Amino acid sequence: MWVFLLTSKLLRLYTSFGYMEDAHQVFDEIGNHNFSALAWNSLISGYAELGLYVDALALYFQTVEEGVEPDHFTFPRVLKACGGIGSIQTGEAVHRHVVRSGFAGHVFILNALVDMYSKCGSIVRAREVFDQIVYKDIVSWNSMLTGYTPWASL
């Protein structure tokens, strides 16, 4: 267990610096990828932060295919990738997975959904999700305001 946690931290370190080849090498050495979403999240996050949204989404769909259960850290990263490529269809599919997985009430995920729908040009859906957030934080408001701003992507 400790080896897995330390290896996961190393994986996150590599991805945070954009060393994706090294991160993949560590990921491959971990072995049992079905053990936890932690290692997958690190890779998905690394790709999303580098703007490699298609790669981030490909990894997410691979996790789904391999039966890895996502956690509340998985979805915001994946939704960022959906917004990054402007794919409302993919974003809606991920939104359905959020609901099926029982994370529809998490404010971090709801904020990511608002952001994704806004970036995909669906301000009505963004507002619907925004209205579901019981305790709105600064991220909630900024995500919604950004969606209403036509020059938000500049």
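Sort out for me the helices (runs of 4 or more DSSP H) sitting completely within the range 76-154 that have 2 or more residues that are surrounded by fewer than 20 Cβ atoms within 10 Å (Cβ to Cβ) and of a type in the set (S, T, Y).
Helices (runs of 4 or more DSSP H) meeting the threshold: 138-148.
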State which residue is nearest to A58 (Cα to Cα) when the search covers only the range 12-26 and only residues that are surrounded by 14 or more Cβ atoms within 10 Å (Cβ to Cβ) and hydroxyl-bearing (S, T, Y).
T15
Which one of the conditions (1) touching a Leu at 6+ places or on another chain (Cβ under 9 Å); (2) under 30 Å from D131 (Cα atoms); (3) in contact (Cβ under 8 Å) with a residue 24 or more places away in the chain does V98 fail to meet, given that it meets all the rest?
(3)
Which residues, taken from the range 96-132, are within 18 Å of L59 (Cβ to Cβ) and not hydrophobic (A, V, I, L, M, F, W, C)?
H97, S101
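For every residue, the table says whether it meets (1) farther than 23 Å from V114 by Cα; (2) of a type in the set (S, T, N, Q).
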site: E29; (1), (2): yes, no
site: S36; (1), (2): yes, yes
site: S42; (1), (2): no, yes
site: L50; (1), (2): no, no
site: K80; (1), (2): no, no
site: I85; (1), (2): no, no
For residues that are modelled with pLDDT of 95 or more and farther than 20 Å from G18 by Cα, scanning just the range 55-75, find the one that is surrounded by the most Cβ atoms within 10 Å (Cβ to Cβ).
F75
When the range 13-69 is examined, which residues are found to be without any contact (Cβ under 8 Å) to a residue 12 or more places away in the chain, part of a helix (DSSP H, G or I) and farther than 26 Å from R100 by Cβ?
L13, E21, D22, Q25, D28
Tabulated pairs, the range 115-130, first farther than 12 Å from H95 by Cβ and among the hydrophobic types (A, V, I, L, M, F, W, C), second buried (at least 21 other Cβ atoms within 10 Å of the Cβ) and modelled with pLDDT of 95 or more, C-beta under 6 angstrom, 6+ apart or interchain:
F130/V114
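The values are calculated or read from the model by the stated rules, or taken from the named source; none is laboratory data. All figures in this text were calculated on a predicted structure; none of them were measured in a lab. Backbone-built Cβ (ideal geometry, glycine too); neighbour counts: all protein chains shown.
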